[in-house]
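Visitor: Would you mind keeping the following structure in view while I ask a few things?
We did not get these values from a lab; they are worked out from the coordinates using the rules stated. Every value quoted in this text rests on a predicted model; they were computed, and no experiment measured them. All Cβ positions, even for glycine, are placed from backbone atoms using ideal geometry, and neighbour counts span all protein chains on display.
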Amino acid sequence: MLTVSDLDLFYGDAQALDGVTLEVAAGGTTAIVGANGAGKTSLIRSIAGILKPARGSIRFKGRDIAGLPSHVVCDLGIGQVAEGRQIFPTLSVRENLEMGAVIPRARAAAKQTFDRALDLFPRLRERLDQAAGTLSGGEQQMLAIGRCLMGKPELIMFDEPSLGLSPALVQELFRIIRRLAEDGMTIILVEQNVAASLRLADRAYVLENGRVVLSGSGEALLADPAVKQAYLGL
Ligand SMILES: Nc1ncnc2c1ncn2[C@@H]1O[C@H](COP(=O)(O)OP(=O)(O)O)[C@@H](O)[C@H]1O
Ligand SMILES: [Mg+2]
């Protein structure tokens with residue numbers, strides 16, 4: 001569904017991605033693992049059209065999307081749940097969800113996706129008219145996911161979705177990601193919770209200093225001695 005080839009990205013003179021190549025299969029979950037500063041967010045933001053790569057291609061369903069503006073990428077079916085959630089705190093829960101459906105591909109079905117998002121997150125239904133900024137951290141993360149779903153994505157990229165959540169909410173979050181995957185959503189998952197993300201992943205890539213240094217099935221990477229030592233604390 002998505003093929004990234006030889007992607008280079010710079011911030012000024014500093015290179016953040018160096019020849020990154022990876023493949024994301026339709027309907028699968030792909031984990032991206034790496035230390036702070038490895039380039040995970042830069043990769044996601046490049047795919048999302050927020051950052052412009054210097055070189056390389058990003059093909060989504062056969063079309064090169066590298067350098068396209070983010071609203072166009074979104075409208076092609078790539079959604080993201082950004083690091084730090086980025087909901088609109090002064091808008092209500094309902095308004096935040098509705099914002100997710102402003103792209104053309106999502107407008108016609110907005111009523112159905114709204115109901116579906118609330119079925120997935122019943123707590124949001126109880127808080128529809130509350131300002132989003134008054135929600136708990138966990139509820140804000142659910143809202144961010146709900147808003148992303150309102151855009152009718154085929155591929156969702158999650159950037160550190162469990163950051164700052166309690167262990168119980170992290171469990172809940174992983175349950176939801178698993179359920180989306182079971183429903184056929186294609187998922188890219190960046191998680192500090194490396195073991196949990198590798199368990200969910202059909203395929204995983206390890207990034208170091210902007211380069212892919214290792215890839216394989218989630219299971220294979222879970223068993224890999226270098227991964228165990230560097231990311232699993234074993
Ligand atoms: N806006 C920015 N300006 C300059 N450098 C940046 C910026 N954002 C990230 N970087 C640098 O790019 C590299 C990759 O960062 P990032 O993609 O955020 O990594 P990760 O998400 O894996 O922690 C790091 O060296 C980081 O300092
Ligand atoms: Mg990051």
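Visitor: Given labels modelled 7 Å from the Cα in the Cβ direction, how far is it in nm from Lys52 to Leu232?
Guide: 4.2
Visitor: Can you give the FRET efficiency for Val72 and Arg178, using 1/(1 + (r/R0)^6), R0 = 45 Å, r = Cβ-Cβ distance, to the nearest 0.05?
Guide: Efficiency at R0 = 45 Å is approximately 0.90.
Visitor: Hey, which of these cross-link pairs are over 27 Å Cα-Cα: Lys52/Lys111; Lys40/Lys228; Lys40/Lys61?
Guide: Long pairs (Cα-Cα over 27 Å): Lys52/Lys111.
Visitor: If you average the C-alpha positions of the stretch 73-95 and of the stretch 1-70 separately, how far apart do those two centres end up, in angstrom?
Guide: Centre-to-centre distance over Cα atoms comes out at 20 Å.
Visitor: Now for a different question. Which length gain, in nm to one decimal place, applies between Asp119 and Arg211 when the Cα-Cα distance is subtracted from 0.36 nm times their residue separation?
Guide: Details: separation 92, 0.36 × 92 = 33.12 nm, distance 3.95 nm.
Full-extension gain reported as 29.2 nm.
Visitor: Something else: Relative to the present Cα-Cα distance, how much length would full extension add between Ala220 and Val102 at 0.36 nm per residue of separation?
Guide: My answer for the length gained is 38.4 nm.
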